[in-house]
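Chemist: Submitted below is the structure of interest, expressed as structure tokens.
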């Protein structure tokens, strides 16, 4: 019976992952393997890595929020985890809604403190993505995936930036947050 439960869980994970990546492909032009890696990484680990130096992270957030154009017709947030608990808060609509640096930074800190990353969970999801690609259920080049897998294994699965193609097509400007904290503490959500 336990084997069947694991199979059901794996099938559910695979279907959720397939839907999540297909949605990302629909809303983001230029999505590459590296961008899927970043998505999965963020869905498991959040953004703790950018908060290792809080004063520098606050300064960078302030400069980025100053630099982005306020755009009201973009989605304020997008789901990046299966459960919906982690989101990317897009800075352009956040700025257009009058969102400020200090309250966003506090939500970032709280989100990072409460996001517990698990390398085994990350690797399990990444393996499922790799299988979806090799089984041709997702349209990515298998040889590029093989090279990318070698690279991330050799560097011990580091955080990464978006691919150049993705950056040029989407101009990403966001922060990864826990949805419940963002909805409780950021006035743009109420």
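Chemist: I'd like the full set of residues that are under 12 Å from the mean Cα position of the chain (by Cα), farther than 17 Å from residue 22 by Cα and buried (at least 20 other Cβ atoms within 10 Å of the Cβ), limited to the range 78-100.
Modeler: If the condition is that a residue be under 12 Å from the mean Cα position of the chain (by Cα), farther than 17 Å from residue 22 by Cα and buried (at least 20 other Cβ atoms within 10 Å of the Cβ), then 86, 89, 90 are the ones that fit.
Chemist: Quick one: residue 42 ticks every box in (1) surrounded by fewer than 20 Cβ atoms within 10 Å (Cβ to Cβ); (2) touching a strand residue (DSSP E or B) at 6+ places or on another chain (Cβ under 8 Å); (3) assigned to a helix (DSSP H, G or I) bar one, so which box is it?
Modeler: Status for residue 42: all satisfied but (1).
Chemist: What number of residues within the range 158-170 are loosely packed, with under 12 Cβ neighbours inside 10 Å, part of a loop (DSSP other than H, G, I, E, B) and either touching a helix residue (DSSP H, G or I) at 6+ places or on another chain (Cβ under 7 Å) or without any contact (Cβ under 8 Å) to a residue 24 or more places away in the chain (or both)?
Modeler: Looking only at that region, the number is 1.
Chemist: Just to be sure, is residue 59 free of Cβ contacts under 8 Å to residues at least 60 places away in the same chain, under 24 Å from residue 127 (Cα atoms) and surrounded by fewer than 18 Cβ atoms within 10 Å (Cβ to Cβ)?
Modeler: No: the conditions fail for residue 59.
Chemist: Show the residue pairs meeting these rules: Cβ distance below 7 Å; 6+ apart or different chains; first residue within the range 19-48 and at positive phi; second residue part of a helix (DSSP H, G or I).
Modeler: Listed pairs, sorted by first residue: 30/165; 30/166; 30/168; 30/169; 30/170; 46/111; 46/112.
Chemist: Are any of the residues in the range 53-73 modelled with pLDDT under 95, part of a loop (DSSP other than H, G, I, E, B) and under 15 Å from the mean Cα position of the chain (by Cα)?
Modeler: no
Chemist: Still on this structure: Residue check: is residue 181 surrounded by 14 or more Cβ atoms within 10 Å (Cβ to Cβ), within 16 Å of residue 127 (Cα to Cα) and either out of contact with any helix residue (DSSP H, G or I) (no Cβ under 6 Å at 6 or more places or on another chain) or modelled with pLDDT of 95 or more (or both)? Quick ask: steps written out before the conclusion?
Modeler: Numbers: surrounded by 14 or more Cβ atoms within 10 Å (Cβ to Cβ): yes; within 16 Å of residue 127 (Cα to Cα): no; either out of contact with any helix residue (DSSP H, G or I) (no Cβ under 6 Å at 6 or more places or on another chain) or modelled with pLDDT of 95 or more (or both): yes.
For residue 181, the condition - surrounded by 14 or more Cβ atoms within 10 Å (Cβ to Cβ), within 16 Å of residue 127 (Cα to Cα) and either out of contact with any helix residue (DSSP H, G or I) (no Cβ under 6 Å at 6 or more places or on another chain) or modelled with pLDDT of 95 or more (or both) - is not met.
Chemist: How many residues are assigned to a helix (DSSP H, G or I), at pLDDT below 95 and under 26 Å from residue 25 (Cβ atoms) when one looks only at the range 88-118?
Modeler: 0
Chemist: Moving to a separate point now. Starting from the range 135-151, take each residue that is without any contact (Cβ under 8 Å) to a residue 40 or more places away in the chain and at positive phi and list its partners that are surrounded by 13 or more Cβ atoms within 10 Å (Cβ to Cβ) and part of a loop (DSSP other than H, G, I, E, B), counting only C-beta distances under 8 angstrom and pairs at least six apart or across chains.
Modeler: As it stands, the answer is none, since no pair meets every condition given.
Chemist: Residues being assigned to a helix (DSSP H, G or I) and more than 19 Å from residue 13 (Cα to Cα): count how many of those fall in the range 120-157.
Modeler: Residues in the range 120-157 being assigned to a helix (DSSP H, G or I) and more than 19 Å from residue 13 (Cα to Cα): 13 in total.
Chemist: For the list (1) in contact with a strand residue (DSSP E or B) (Cβ under 8 Å, 6 or more places away or on another chain); (2) surrounded by 12 or more Cβ atoms within 10 Å (Cβ to Cβ), I need the number of the one condition that residue 17 fails.
Modeler: (1)
The values are calculated or read from the model by the stated rules, or taken from the named source; none is laboratory data. Remember, predicted model here, so these are calculated numbers, not experimental data. Cβ: placed from backbone, ideal geometry, glycine included. Neighbour counts: every protein chain shown.
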